1. Averaging sequence separations of C-alpha pairs under 8 Å and six or more residues apart, then dividing by the length of the chain, give the relative contact order as a whole percent.
2. With all protein chains present, how much of the accessible area of the chain (probe radius 1.4 Å) comes from carbon and sulfur, to the nearest whole percent?
3. Which entries of 87/181; 169/200; 68/142; 122/254; 181/208 show an alpha-carbon separation above 19 angstrom in the structure shown?
4. Can you tell me how the chain classifies by the Cα gyration tensor, rounded, prolate or oblate, using a/c under 1.5 as the rounded cut?
5. Is any residue of region 144-177 close enough, with backbone N under 11 Å, to a label point placed 7 angstrom from the Cα of residue 198 along the Cα-Cβ axis, and if so, which?
6. Is region 222-308 rounded, prolate or oblate when judged by the Cα gyration tensor, a ≥ b ≥ c being the square roots of its eigenvalues, rounded requiring a/c under 1.5 and prolate requiring a/b larger than b/c?
7. What are the residues whose amide H is under 5 Å from the amide H of residue 57, where those residues sit 5 or more places off or on another chain and H is modelled from the backbone?
8. Can you work out the accessible area per residue across region 250-306, with the rest of the protein chains kept in place, probe 1.4 Å, in square angstrom?
Amino acid sequence: MDVLIVGSLAYDSLETPMGSREDELGGSASYGGFSAAFHNRKNGGNGVALVGVIGQDFKSEHLEWYQKSGLEITGIEEKEGETFRWKGSYHGDMAEAITHETQLNVFENFQPKVPLDQTTPKVLMCANLHPSLQSSVISQTKAERVSILDSMNLWINIAIEELRVVITKVDILILNDAEVKMLASDDNLIRAAESVLKMKQGGILVVKRGEHGVLALHPDGIISMPSYPTLELTDPTGCGDSFAGAMAQFLSQKTGTVSRNELAESLVHATVTASFTIENFGTERIRNLSEDEYDVRLSEYRRITNTS
Ligand code: AMP
């Protein structure tokens, strides 16, 4: 198993200046999963598995979408009740999601169980989820190479103690710029990123900066990269999750310590992958991405950034 992803499997209600959608398949693990699965197929990898929970209302068609993309779904548990629901909107430049409603539903009292044959993935990716559920999965697994963790402002607000603990247990922490500033209580991004890395007790911090690209703090130095300049921004939901999924799959391809160069290359793939997700509502674009269109955009991005 190359990548094990734990996160939310959700039905989202979305509103953006480009339109709205009800009960769109979403969730951090769905976006991360489709993204990692795309790269796994493309690179001939050894598989990506999802761990999460769904309710009885979850459509079998959506389980088929996971399977069709090559995702292993034995770690998805169905529980009595409704699937997790998130309602969000974006306005203006769509830089920030406004959460209108979060219905935990089957996530209340959920105890994640990692299938025994998936406890030693090369890369463990804890996509956005309550930090205590992320901790539970970390304690059940031993990532052969690296563990990655993503989070959100909600957990900084309501589960800060659990969050502070779980970030020390992973190799790579991914947050957006607003979350880094919030966690460090500092408006200077670089200073805030340095304090978060101290809080994390070392390792790597990746800071997503939306249309401004990405900043990463690696022990061998800082990396800064622009985003891919896309004209077709339709729905930013899942951008960060598909970014993390691509990164996770890329890092599962090698062994040993993650060098600064390798991290930078994984961020190129993460950036290019995420730029597709936002071009349509929900998982539509990332699910149906073709290898050819990916390669064309990857070369374009390398030309724009003068990277080989
Ligand atoms: P992103 O736009 O990459 O930050 O992720 C958006 C996805 O996160 C949506 O599909 C939501 O279903 C999911 N999400 C929103 N809030 C939460 C939460 N509190 N816990 C887990 N997943 C969430």
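The values are calculated or read from the model by the stated rules, or taken from the named source; none is laboratory data. Not measured: the values here are computed from a predicted model. FYI the Cβ positions are ideal-geometry reconstructions off the backbone, even for glycines, and counts take in every protein chain you see. The area values use the complete protein model at the heavy-atom level, side chains included, leaving out ligands, DNA and RNA. Shrake-Rupley method; radii C 1.70, N 1.55, O 1.52, S 1.80 Å.
1. Working: 671 pairs, mean separation 56.4, N = 308.
Averaging sequence separation for qualifying contacts and normalising by length gives 18 percent for the chain.
2. For the chain, the apolar C and S fraction of the accessible surface comes to 47 percent.
3. Violating the 19 Å limit, Cα to Cα: 87/181; 68/142.
4. On the way: a/c = 1.18, a/b = 1.12, b/c = 1.06.
The shape class here is rounded.
5. The answer is none, because no backbone nitrogen lies closer than 11 Å to the label point.
6. It comes out prolate by the Cα gyration axes.
7. 83
8. Result: 43 Å² per residue.
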